Amino acid sequence: MKYILIIVILLTTIISAKSAMASNCDSQCQLSQINAYFSALDRVSQKGSSIEDIDSLLSLTHDNVQYVHVEYEANFTKASWRKAFIRNLKRGAYQNSNKNEMRVLNSIFGKNHTAIEYSHGVIQADGTWQKTEPLLVVFGFTNGKISLIKELW
């Protein structure tokens with residue numbers, strides 16, 4: 001009986017440690033997810049994008065993700081955000097080429113949040129990237145996944 005109790009305690013400790021590691025997302029993990037988000041958002045914004053591209057973007061986010069755009073008074077859940085993307089797709093709003101690209105310019109890491117200065121831009125014929133004006137967004141993370149995207153421009 002004593003050995004069973006020791007095994008149960010060890011297993012519980014191991015499972016708790018693995019759970020904590022899975023939910024922890026350090027600054028490198030956060031930046032990697034943010035870059036993947038922008039890359040997936042670029043694909044959605046391209047002419048010829050699909051519902052699969054939208055679903056691929058949204059799969060990068062937590063089930064309870066919230067998308068907020070302060071200036072436009074947007075406040076979406078994952079489901080309502082998906083519907084908005086599909087509406088835009090069906091009306092032909094996504095017309096970018098594969099030369100359009102968003103990039104992270106600067107980042108500030110906080111506890112489970114990262115402030116990102118980013119810009120839209122276009123890859124020029126000589127291969128350089130020409131940015132537009134810098135924008136600000138705050139990403140929040142829950143259980144190691146993007147759970148908040150708050151646009152502040």
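The values are calculated or read from the model by the stated rules, or taken from the named source; none is laboratory data. Note that the coordinates shown come from a computational prediction; the quantities given were computed from them, not determined experimentally. Cβ coordinates were reconstructed from backbone atoms using ideal geometry, including for glycine residues, and neighbour counts include every protein chain displayed.
Scanning region 58-65 for any residue that is among the small types (G, A, S) and not in a loop (DSSP other than H, G, I, E, B) turns up nothing. Evaluating G48 against the criteria (1) under 18 Å from the mean Cα position of the chain (by Cα); (2) in a loop (DSSP other than H, G, I, E, B) leaves one unmet condition, (1).
Reported count of residues in region 14-51, each being modelled with pLDDT under 95 and either exposed (fewer than 14 other Cβ atoms within 10 Å of the Cβ) or over 20 Å from N143 (Cα atoms) (or both), is 11.
Of G127, G110, G92, which residue is within 14 Å of K150 (Cβ to Cβ), loosely packed, with under 15 Cβ neighbours inside 10 Å, of a type outside the set (D, E) and without any contact (Cβ under 8 Å) to a residue 12 or more places away in the chain? That would be G110, the only listed residue that is within 14 Å of K150 (Cβ to Cβ), loosely packed, with under 15 Cβ neighbours inside 10 Å, of a type outside the set (D, E) and without any contact (Cβ under 8 Å) to a residue 12 or more places away in the chain. Output yes when any residue across region 53-63 is more than 14 Å from the chain's Cα centre (by Cα) and either modelled with pLDDT of 95 or more or under 21 Å from W153 (Cα atoms) (or both), and no when none is. The answer is no; no qualifying residue exists. Whenever a residue of region 22-41 is of a type in the set (G, A, S), its partners that are modelled with pLDDT of 95 or more and part of a helix (DSSP H, G or I), lying with C-beta atoms within less than 7 angstrom and at least six residues away or across chains, give the pairs A40/S56; A40/L57.
In region 52-67, the qualifying residues are those that are hydroxyl-bearing (S, T, Y) and under 20 Å from L136 (Cα atoms), and the one that is surrounded by the fewest Cβ atoms within 10 Å (Cβ to Cβ) is Y67.
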